[in-house]
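The values are calculated or read from the model by the stated rules, or taken from the named source; none is laboratory data. Nothing here was measured: the structure is a model prediction, and the numbers come from that model. Using ideal geometry, Cβ is built from the backbone for each residue, glycine included, and neighbour counts are taken over all protein chains shown. Accessible surface is based on the protein model in full, side chains and every heavy atom, while ligands, DNA and RNA are left aside. Shrake-Rupley method; radii C 1.70, N 1.55, O 1.52, S 1.80 Å.
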Amino acid sequence: MQEKINIGVVGLDNWYHALPYCQVLSEMEEVEFIGVSDESYERTKCTAKQYGVKKWSTDHREIIEDAAIDAVIITACTNQHAGLSELAAINGKQVLCDKPIEVSLEKADSIIQTIKKTEVKFMMSFTRRVKPHFIKAKEMIQKGKIGQVACIMETGRFLLPRSEPNSEEPGWYAEMAKAGGGGFVDHAVHQLDALRWFLNDEVEQVLGYTSNLVYKEIEVEDYGIATFKFNKGTVATVESTWTVVPPDAPCDRVEIQGTKGSITIDEISHRTTLYDRKGEVSYHFPFEDSDIFRKMLENFVTAIRSDRPPLASAWDGRAATELVLAVYQSAKEGRRITLPAR
Amino acid sequence: MSKTVKKKIDTSGGYGIIDPEQEVMVTSNDRNVPKEGRVLKIGIIGVGAIAQRSHIPNFQKVNGAEILAVCDPIERKAKLVAEKWGIKYYFTNYKDLLSLDELDAVSVCTPNYFHAPITIDACDKGKHVLCEKPIATTLEDAQRMIDAAKRNKVKLEIGQFKKFMPVYEVGKEILEEGLIGDVLTVRTKLGHSGPEDWSPTTGKWFFKKWKTGMGVLLDLGTKHISLIRWFLNDEVESVIGRVDILTKAFSEVEDYAVGVLKFRSGIICVLETSWCTKPSFKGTEIVGTKGTLFMDYPNTRLEIRIANKINATFHPEIPEEGKKGNPFQRFVDCIKEDRIPDVTAEDEKRSLEVALAISKSSETGKTVHLLLDN
């Protein structure tokens with residue numbers, strides 16, 4: 001039997017991802033959850049206790065530089081991703097990095113250069129790539145079930161995030177310096193990564209608009225919408241917001257129109273439907289959120305143990321962030337951005 | 001049935017096309033509805049799909065009006081339709097139709113480019129006009145139509161009748177009752193597989209730029225632009241947009257468009273309109289501070305999801321018929337009662353302006369600010 005991979009979780013800021021990763025780490029056979037760090041003493045201590053983690057610290061370096069650690073999951077706030085993942089890479093640790101990759105392209109490029117030099121594995125936490133209803137849609141597109149993809153509309157309406165499970169405040173999620181943006185970047189990186197993944201294509205032009213519709217006092221946008229023209233011709237529109245209330249929140253849908261039919265994905269009900277000349281076929285995939293994080297970790301483990309690249313690379317992370325930044329620039333300047341913008 | 005036939009060679013430049021024999025799609029069962037009071041005499045200019053599917057059967061149905069004449073540059077087509085529907089005269093030149101003294105009003109059912117010249121000529125002949133949507137292909141044309149109606153003191157209505165649909169009447173009531181709170185965003189979409197499927201024999205003009213002005217944005221886009229402006233009681237301040245030819249390489253005009261409309265109140269509306277959508281789609285979602293309203297999504301129905309103690313979802317009943325009734329009856333009545341038409345040309349000029357702005361944003365890559373005041 002292969003030895004277990006020792007994993008540390010670095011930063012609990014994005015607890016929406018960090019906590020399920022912790023949960024799955026504590027359950028999985030192939031890994032050992034041996035360290036956790038976060039700037040908050042209480043949060044780190046409680047998390048370590050809850051999941052039976054031996055080593056915990058309020059100093060990320062204590063975990064990253066620990067010789068016993070093989071790999072780290074970076075779930076600190078976005079503007080720390082470069083510093084922490086590069087430190088990990090320099091120390092020879094494999095990295096699973098939360099989305100978005102960073103707050104700027106310069107910092108994303110810095111990550112890419114460091115992981116090239118250090119030859120560690122780096123995987124972006126783009127969870128849609130392991131979700132069965134998204135995989136189903138990608139398969140249908142690849143098999144030509146709907147012909148050429150003409151246009152895509154992604155609608156993502158979410159609640160304002162909370163800085164901690166029992167907080168009412170958005171905290172760092174609404175701080176420009178730490179998050180690099182607000183209601184648009186938060187989920188649009190997922191939506192945009194899925195687009196690139198579905199289409200195997202890159203964006204040529206971006207036209208976007210952002211606003212503060214409900215939360216006017218925060219320094220980041222709570223609403224964003226943008227249209228993307230891909231090299232091969234597809235036009236995709238992505239709406240991503242923090243402005244919707246229950247019971248319509250969250251609302252997360254993808255509608256893909258092709259020359260021979262269309263596909264809709266309802267992320268919330270885990271349902272993918274194909275409409276074509278023959279009619280309508282719907283596929284439902286019952287799963288728990290934790291299953292998704294388990295699949296992400298399984299993919300990460302496989303990548304570490306084999307020569308297989310992880311399912312989403314640092315380049316994928318950079319590409320999604322490049323698109324989001326182009327949307328912000330487009331919204332600010334009131335003009336279309338042609339990529340690469342810089 | 002007695003029928004007088006007038007015909008002349010068309011000298012005005014044709015506006016209809018192709019295969020007249022396959023044109024008749026609707027049978028005229030309602031021809032003999034009794035007319036009360038003074039009977040308005042109506043002329044139909046252009047007898048393509050929209051005339052045969054909507055204008056002719058609807059005017060046959062209403063009280064107080066009858067169709068006196070039809071006109072189409074293809075003689076066989078004009079004749080065939082006149083015979084099918086028991087209409088007294090047919091013409092190949094609309095100017096001859098307009099010179100019928102007993103004619104009170106006309107329906108303009110031609111390709112978009114001809115809306116303005118024919119409407120203006122009709123107004124100048126003292127005829128009331130119901131003009132198919134979109135109002136025109138340019139704002140200048142739209143204004144000339146408005147001016148012509150004004151100076152001749154005739155009614156000019158645009159056939160943009162979505163707001164007569166019961167589902168939207170109920171939806172607007174729900175909005176105005178405040179059930180979903182203040183509106184934040186709107187998402188609206190309307191698409192089908194293209195005019196060549198909707199109107200296989202006569203739909204080809206839709207792809208000719210000089211006849212159609214723009215593609216799906218004018219054909220379908222203006223419908224929902226008009227609808228959303230009406231829902232929100234608000235006007236568009238600025239737009240960004242993208243129009244494209246995605247699947248119909250033979251087309252001179254766009255088959256797909258996305259517009260992001262920023263209203264003066266700050267509300268954002270995402271409009272998606274398509275001629276490359278199989279199966280067809282339509283739907284409008286209005287997101288408010290207290291809930292979300294879905295209309296026509298995915299079928300003709302209404303759904304409200306409201307955030308409250310029970311986070312309930314409701315499906316209000318939609319009556320069979322709208323409160324305002326048949327828009328063609330309303331047009332006839334507005335002439336008789338000297339009322340302002342339900343869908344004014346001024347109103348539809350604004351919808352046209354939004355569509356043009358989306359196209360301009362796509363062309364220039366810039367945010368376009370709208371100019372119309374008030």
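Data overview
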read-out: Hits in region B:321-356 (condition: among the aliphatic types (A, V, I, L, M) and part of a loop (DSSP other than H, G, I, E, B)); value: B:ILE340, B:VAL343
read-out: Residue in region A:273-281 that is of a type in the set (Asp, Glu) and under 19 Å from A:ALA188 (Cβ atoms) present; value: no
read-out: Pairs with Cβ under 7 Å, 6+ apart, first in region A:323-342 and more than 12 Å from chain B (Cβ to nearest Cβ), second in a loop (DSSP other than H, G, I, E, B) and not basic (Lys, Arg); value: A:VAL324/A:PRO100; A:VAL324/A:GLY181; A:ALA326/A:LEU339; A:ALA326/A:ALA341; A:TYR328/A:GLY181; A:GLN329/A:ALA341
read-out: Single residue of B:GLY171, B:GLY126, B:GLY203, B:GLY213 found to be modelled with pLDDT under 95 and on the phi > 0 side of the Ramachandran plot; value: B:GLY213
read-out: Matching residues in region B:339-354 - criterion: being surrounded by fewer than 18 Cβ atoms within 10 Å (Cβ to Cβ) and either within 11 Å of the chain's Cα centre (by Cα) or among the hydrophobic types (A, V, I, L, M, F, W, C) (or both); value: B:ILE340
read-out: Subset of region A:233-281 [without any contact (Cβ under 8 Å) to a residue 40 or more places away in the chain and away from every other protein chain (no Cβ under 12 Å)]; value: A:ILE268, A:SER269, A:VAL281
read-out: Residue match in region B:233-256 (condition: of a type in the set (A, V, I, L, M), over 29 Å from A:GLY233 (Cα atoms) and surrounded by fewer than 24 Cβ atoms within 10 Å (Cβ to Cβ)); value: no
read-out: Residue check, B:GLY171 among the small types (Gly, Ala, Ser) and more than 17 Å from B:THR119 (Cβ to Cβ); value: yes
read-out: Residue that is of a type outside the set (Phe, Trp, Tyr) and surrounded by 20 or more Cβ atoms within 10 Å (Cβ to Cβ), where the choices are A:GLY182, A:GLY147, A:GLY171; value: A:GLY182
read-out: Single condition A:LEU323 does not satisfy, out of (1) crowded, with 20+ Cβ neighbours inside 10 Å; (2) at pLDDT below 95; value: (2)
read-out: Exclusive hit being assigned by TED's automatic domain parsing to the domain that holds A:VAL185 and of a type in the set (Gly, Ala, Ser), set A:ALA326, A:ALA303; value: A:ALA326
read-out: Check on B:ALA307, at the interface with chain A (Cβ under 10 Å from one of its Cβ atoms), surrounded by fewer than 14 Cβ atoms within 10 Å (Cβ to Cβ) and in contact with a strand residue (DSSP E or B) (Cβ under 8 Å, 6 or more places away or on another chain); value: no
read-out: From A:ASN212, A:ASN200, residue being of a type outside the set (D, E, K, R), surrounded by fewer than 20 Cβ atoms within 10 Å (Cβ to Cβ) and within 13 Å of another protein chain (Cβ to nearest Cβ); value: A:ASN212
read-out: Complete set of residues in region B:357-374 that are in a helix (DSSP H, G or I) and surrounded by fewer than 22 Cβ atoms within 10 Å (Cβ to Cβ); value: B:LYS360, B:GLU363, B:THR364
read-out: Residues being assigned to a helix (DSSP H, G or I) and open to solvent by 80 Å² or more (accessible area, probe 1.4 Å) - total across region A:35-49; value: 4
read-out: Hits in region B:253-278 - residues which are assigned to a loop (DSSP other than H, G, I, E, B) and either of a type in the set (S, T, N, Q) or in contact (Cβ under 8 Å) with a residue 40 or more places away in the chain (or both); value: B:VAL253, B:GLU254, B:ASP255, B:SER265, B:ILE267, B:TRP275, B:CYS276, B:THR277, B:LYS278
read-out: Count of residues meeting criterion [of a type in the set (Phe, Trp, Tyr) and assigned to a strand (DSSP E or B)] in region A:148-186; value: 0
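Here's the yes/no breakdown for (1) farther than 27 Å from A:LEU96 by Cα; (2) of a type outside the set (A, V, I, L, M); (3) in a loop (DSSP other than H, G, I, E, B):
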site	(1), (2), (3)
A:GLN257	yes, yes, no
A:THR264	yes, yes, no
A:THR273	yes, yes, no
A:PHE287	no, yes, yes
A:ASP291	no, yes, no
A:LYS295	no, yes, no
